[in-house]
Each structure stands twice: as C-alpha cells, then as structure tokens.
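Right, one structure below, let's go through it.
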Amino acid sequence: MKNFSLFWLIAGLFSIVSAGTTSCNAPQNQAFEMDKAFTLHYGETAQWTADETIQIRFDSILDDSRCPKGVQCVWAGRAVAGITFSQNGEMQNGALVLGDPAGTNYSNTATFGDFTVTLNQVNPHPVAEQKIQPNDYSVELEIKKTE
C-alpha cells in the first residue's frame, strides 16, 4: 500500500511539473489592428483584435538571397516569407517577397478574401559569413481590409 501511494504521489508531481512546462513553452497569439504594421517572429500567429477568426502565421523563410552587409553585390537579392492566412478556419498559404521579384510569381502583397497583406520588412538582414537560423527571423506585416 505504501508503494502504491508513493507511485501516485510521484505521478501527480510529474503531471504538475509537466503541465507547468507545457504552458510556458506554448506559443502565445498576439493581436493586430487593421492598417497598422506589426511584427511576427518565426512560427508566431497573430489575430485581428476585432475578429479572432482572422489570423495570420509566419511559417518560414522560403528564400533569403539579400546582399549581406559588408559585401558588395551586383544584385540586391530578395527575401521570401511563407505565411498562412486564416479566415473562419479556412486556411490559405502564400508567399510574400521583399526585394526583386524577377523570375517569380511573388509580390510584397497578397490578397486573401477581403484582406490584403503587405510585407514591409524581413529581419535580421544578412551579414557576411553569418548564418541566420530560422527562429531568428521576423517579418513586419500590415493588413488592410479591401473595399
């Protein structure tokens, strides 16, 4: 009986500790307002303050060929951000480009239903001989309701 009680005590403590660490590591949604720039970090989701069913997530950097600081380049390059836009649970994936879109179907804006998303910035900017890890990226976006 003593071993049985000890087992449940340890199991209970483990559950409490596990629950605490899970909630600490869970990504938090942030809010955005229409017509105002906001920043999303890699993997983050933001939802519209007026309607929580409108959400956007920064999924990935599909390409970052921007000319690094400290290097002289013949081409400025581009950064392409992968995003997911969700309205009423319906998800659409898209890619937004910052820089030269030549040779792609990308633009710095994309329309999803009644909303236009604009990519304003991709950070950090590359630096010569320094690799940027995916988790280090952030994007500045702006969303407008189309008329």
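Of all the numbered requirements in (1) in contact (Cβ under 8 Å) with a residue 24 or more places away in the chain; (2) surrounded by 16 or more Cβ atoms within 10 Å (Cβ to Cβ), ASN135 misses one, and that requirement is (2).
Here is a check on your reading of the model: is VAL139 out of contact with any Cys (no Cβ under 6 Å at 6 or more places or on another chain) and at pLDDT 95 or above?
Numbers: out of contact with any Cys (no Cβ under 6 Å at 6 or more places or on another chain): yes; at pLDDT 95 or above: yes.
So VAL139 fits the description; yes.
Against the conditions (1) farther than 16 Å from GLY43 by Cα; (2) under 14 Å from the mean Cα position of the chain (by Cα); (3) of a type in the set (A, V, I, L, M), VAL139 satisfies every one except (1). Within the range 69-105, restricting attention to residues that are of a type outside the set (A, V, I, L, M) and more than 22 Å from the chain's Cα centre (by Cα), the residue that is modelled with the lowest pLDDT is GLY103. Against the conditions (1) assigned to a strand (DSSP E or B); (2) more than 16 Å from ASN123 (Cβ to Cβ); (3) at pLDDT 95 or above, where does ALA31 fall short? Just the number, please. If we test ALA31 against (1) assigned to a strand (DSSP E or B); (2) more than 16 Å from ASN123 (Cβ to Cβ); (3) at pLDDT 95 or above, just (3) comes out false. Within the range 33-53, residues that are touching a residue at least 12 places away in the same chain (Cβ under 8 Å) sit with their Cβ atoms under 9 Å from residues that are among the aliphatic types (A, V, I, L, M) and loosely packed, with under 13 Cβ neighbours inside 10 Å, at 6+ positions apart or across chains, in these pairs: GLU33/ALA50; MET34/ALA50; PHE38/ALA31; ALA46/ALA31; GLN47/ALA31; TRP48/ALA31; THR49/ALA31. Within the range 65-90, residues that are at positive phi and touching a residue at least 12 places away in the same chain (Cβ under 8 Å) sit with their Cβ atoms under 8 Å from residues that are among the hydrophobic types (A, V, I, L, M, F, W, C) and surrounded by fewer than 16 Cβ atoms within 10 Å (Cβ to Cβ), at 6+ positions apart or across chains, in these pairs: GLY70/VAL127; GLY70/ALA128.
The values are calculated or read from the model by the stated rules, or taken from the named source; none is laboratory data. These numbers come from a predicted model, not from an experiment. With ideal geometry, Cβ positions are generated from the backbone for all residues, glycine too; neighbour counts draw on all protein chains shown.
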